[in-house]
Amino acid sequence: MKFPEIKSHLSKFKVGIAGAGGLGSNCAVALARSGVGTLVISDFDIVEWTNLNRQYYFTDQVGMQKTDALRDNIARINPETIVITHNIVLDASNIPVVFEGCDLVIEAFDRSDMKEILIETMQRIMQGTPIIIGSGVAGWGKSDSVSFRKIDDTMFVCGDESTEVSESMSAMAPKVGMVANMQANVAIEILMNLKG
């Protein structure tokens with residue numbers, strides 16, 4: 001299948017991204033480059049200098065809301081991708097509203113408690129909507145430990161599932177990028193199997 005056909009098919013779909021940090025920003029860019037029609041991006045944070053080692057932002061965007069900066073970057077990459085932003089903290093009450101109508105959702109949170117809230121809310125209220133989780137992105141090397149696992153028809157995990165970010169183990173651009181692009185690849189595989 002040629003890229004124009006792939007892009008035409010992907011343009012019919014809406015993907016939610018919960019978190020616009022390392023995983024979320026890089027995954028969003030990969031999906032926009034691939035031709036996904038609409039991205040719904042939610043994050044409450046601003047771009048900081050410490051984010052620039054692994055997140056898809058630039059020095060002149062420090063201080064901006066991450067969702068606004070990412071929307072601007074995507075517009076420069078693929079102006080055909082519609083970007084809907086929500087500058088809020090996600091919780092069980094607003095997750096179904098923010099991601100209503102999304103064909104799938106990418107989980108890109110740093111904190112495990114937020115991952116849990118998103119997964120539980122989707123399984124309870126948004127049954128049938130696929131979720132692609134990122135788990136284990138800290139450090140470098142051990143590329144063969146990064147993998148994809150299908151839990152069931154609606155839940156998928158990308159990462160090494162063990163190396164969590166901590167004071168002694170930072171997230172680095174190469175591994176974060178690998179996992180983010182793996183999440184995007186799984187999303188595209190799911191969407192290419194849907195009828196638009």
Where only C-alpha atoms are counted, convex hull volume of the chain per residue in Å³: 115 Å³
Once every DSSP H run of n ≥ 4 in the chain is given -39500 (n - 2.57) and the sum is divided by its residues, what mean residue ellipticity at 222 nm do you get, rounded to the nearest 500 deg cm²/dmol? -11000 deg cm²/dmol
Express in whole angstrom the spacing between the alpha-carbon centres of the stretch 95-123 and the stretch 131-172. 17 Å
Taking placed amide H atoms and a strict 5 Å upper bound, the residues 5 or more places from I17 or on another chain that come that close are V40, I41, S42, I106
Given the convex hull over the Cα atoms of the stretch 14-76, what projected area results after averaging over all orientations, in nm²? 3.7 nm²
Charge tally for neighbours of V36 with beta carbon under 11 Å away, counting Lys, Arg as +1 and Asp, Glu as -1, is +2
If the cut-off is a Cα-Cα distance under 28 Å, which lysines reach K175, setting aside same-chain residues fewer than 8 apart in sequence? K7, K14, K66, K115, K142, K150
Using θ = phi - 60° and the Karplus curve 6.51 cos²θ - 1.76 cosθ + 1.60, what whole-Hz ³J(HN,Hα) does each residue of the stretch 60-67 get, with Gly and Pro shown as x? 6, 9, 4, x, 7, 4, 4, 5
Relative exposure of L104, L118, L52, L31, judged by other C-beta atoms within 10 Å (fewest first): L52, L104, L118, L31
Counting other beta carbons within 10 Å of each Cβ, put M1, M126 in order, fewest first. M1, M126
For the residues R76, R54, what sequence is obtained by ranking on other C-beta atoms within 10 Å, fewest first? R76, R54
Please provide three numbers in whole Å: the alpha-carbon extents of the stretch 81-177 along the principal axes, with the largest listed first. 38, 30, 30
Treating only Lys and Arg (+1) and Asp and Glu (-1) as charged, each at its beta carbon, one finds that the stretch 3-192 has a dipole about its Cα centre, in Debye to the nearest 20, of 480 debye
Which far-off residues, 5 or more places away or on another chain, put their amide H under 5 Å from the one on G139, with H placed in the peptide plane? S170, A171, M172
Can you run phi through the Karplus equation (6.51, -1.76, 1.60; θ = phi - 60°) for the stretch 111-117 and list ³J(HN,Hα) in whole Hz, with x for Gly and Pro? 8, 5, 5, 6, 4, 4, 4
Check G37: other-chain or 5+ apart residues with amide H under 5 Å from its amide H, H built from backbone geometry? S11, K12, F13
Just add up the charged neighbours of N73: K/R +1, D/E -1, any other residue whose Cβ is under 13 Å from the Cβ of N73. +1
Can you give the FRET efficiency to the nearest 0.05 for Q127 and I88, using r as the Cβ-Cβ distance and R₀ = 35 Å? 0.90
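The numbers here are math on the coordinates, done by the rules we state, and not lab data. Quick caveat: nothing in here was measured; it's all calculated off a predicted structure. Using ideal geometry, Cβ is built from the backbone for each residue, glycine included, and neighbour counts are taken over all protein chains shown.
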